[in-house]
Amino acid sequence: QVQLVESGGGLVQAGGSVRLSCQASGRIISSSALGWFRQAPGKEREWIGTIRWSGAATTNYAESMKGRFTISRDSEKRTVYLNINSLKPEDTAVYYCGNAASLWAVSARDYYSWGQGTQVTVFS
């Protein structure tokens, strides 16, 4: 069973940066991927991007997320990161990480394990 725990959220001023972490435990299939989503109040969960769990740290991003969002990983720490730069108030959301079978999984339905999420609130 896979357990994912997100951390690093908080209250951040617009224009600033934040680094979110997703610590994984349990058995994660080596060929799988970890992805980041966000969900704002009243909105659907939105895919940000995904990174391979092992091997080459290949990433796949939603077109709208390219530029300010960067996903990376530390395999020794079993942790995946999401860096967000130039934060805007509209980035306010709960950010989730999830485990999927493929780097190309872009729908929340394709993910079979989720963390509890971490809240990011951006103020201007």
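If R0 is 41 Å, the Cβ-Cβ spacing of Lys77 and Lys43 corresponds to a FRET efficiency of close to 0.85. Building the convex hull from the alpha-carbon atoms of segment 60-124 and averaging its projection over directions returns 5.1 nm².
Relative to one another, the C-alpha centroids of segment 52-98 and segment 8-37 are positioned 6 Å apart. Ordered from longest to shortest, the equivalent ellipsoid semi-axes for the chain are 23, 14, 14 Å, each the square root of 5 times a Cα gyration tensor eigenvalue. In this structure, the amide hydrogen of Val106, modeled 1.01 Å from its nitrogen in the peptide plane, lies closer than 5 angstrom to no residue at least 5 positions away or on a different chain. The packing ranking of peptides 65-74, 80-89, 7-16, highest mean first, is 80-89, 65-74, 7-16, where packing means the average number of other beta carbon atoms within 10 angstrom of each residue.
Protection proxy ranking for 104-117, 22-35, using the average of other Cβ atoms within 10 Å per residue and placing the highest first: 22-35, 104-117. Spin-label model, Arg109 to Glu63: label points 7 Å out along the Cα-to-beta-carbon direction sit 2.1 nm apart. When Rg and Dmax are taken over the Cα atoms of segment 1-72, they come to 13.4, 38 Å.
Values in this text are rule-based calculations from the coordinates and carry no lab data. These figures come from a predicted structure and were not determined experimentally. Here Cβ is always computed from backbone atoms with ideal geometry, including for glycine, and neighbour counts include all displayed protein chains.
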